[in-house]
Every structure is written in structure tokens, then in C-alpha cells.
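Right, one structure below, let's go through it.
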Amino acid sequence: MFDPVSISVAVSTASTAFAGIKRAFQAGRDLESMSQDLSRWMGAVSDVDNAHKSAKNPSMIRKVFGGGSIEQEAIEAFTAKKKLEEQRYELKQFLMFTHGSKAWDELLAMEGQIRKRRQKEIYDRQKFREKVIGVVV
């Protein structure tokens with residue numbers, strides 16, 4: 001379950017990582033030197049995307065106990081998603097200009113792997129926790 005605070009943390013993480021990626025591009029570094037920042041950025045983007053999906057379709061527990069925060073969470077997730085889309089566009093431009101379209105395709109494949117891993121490791125566990133709480137309550 002995400003809340004506006006965790007969405008803000010994810011956006012902050014993504015923005016910090018993105019700033020590192022931009023500095024690396026400006027310094028002419030290779031992609032390998034950016035891998036940690038790219039991984040952190042992709043993980044944060046995945047978290048925001050998951051929060052956005054979750055806010056669009058909240059569970060019964062979140063509807064009952066979330067109160068007005070569901071609307072706030074949806075707005076936070078939406079604005080965060082838009083900010084990260086701008087970063088994604090800029091990253092795509094950097095990569096395609098410096099390394100060509102193949103590098104962008106490879107990055108997208110890597111992002112897909114990160115999303116799948118996070119789905120298994122984090123998001124599925126969060127959904128399970130919500131279901132358990134729903135049964136107990």
C-alpha cells in the first residue's frame with residue numbers, strides 16, 4: 001500500500017538518481033558508470049506506477065480505512081507519474097543521442113526486468129498483506 005509520503009519518497013529518489021544520470025551524461029561517462037543511478041531511478045518509477053495503479057483501483061480495506069487520503073494519494077500518484085514521464089523523455093533523448101536507439105531498447109528491457117522483480121518481491125507481498133488484514137478485520 002502506498003501513501004502520499006511514500007510516493008514523495010519515490011519521486012525524490014527518482015529525481016536524485018536522475019540528477020546523477022544527467023551529470024554522468026554531461027561528463028561523457030559510459031552507461032556502466034550510471035547503472036546504480038539507472039537502477040534506482042527505474043525502481044522508483046516502478047513504485048510510482050504501482051502506486052498510481054493502486055490509487056486508481058483501491059482495495060476494500062483502503063476504501064474503508066483510507067478516508068479522504070485515497071483522493072490525495074491518487075492526485076499525488078498522478079502528478080508524480082507525470083514528472084517521471086518528463087524525466088523518461090529526457091533520458092530517452094540523452095540515450096538515443098549518445099548511444100542510439102538500440103541502447104534505449106536495451107534500457108527498456110532492463111526496466112521490464114526490474115518491474116517484474118519488484119512485482120514479485122514487493123508489490124505482491126503488499127497485496128497479500130492487504131488481503132490478510134481484510135480477512136482479520
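Bear in mind these aren't lab numbers, they're just calculated from the coordinates by the rules spelled out. Everything quoted here is computed from the prediction, not taken from an experiment.
Estimated at 0.36 nm per residue, the fully extended path between F97 and V132 surpasses their Cα-Cα distance by 7.8 nm. Working note: Karplus 6.51/-1.76/1.60 with θ = phi - 60° gives region 15-29 the couplings 5, 5, 5, 5, 4, x, 5, 4, 4, 5, 4, 5, 7, x, 6 Hz, where Gly and Pro are set to x.
Filter the cross-link list K53/K120; K82/K116; K81/K120; K22/K83; K102/K127; K56/K116 down to pairs whose alpha-carbon distance in this structure exceeds 24 Å. Pairs exceeding 24 Å: K102/K127.
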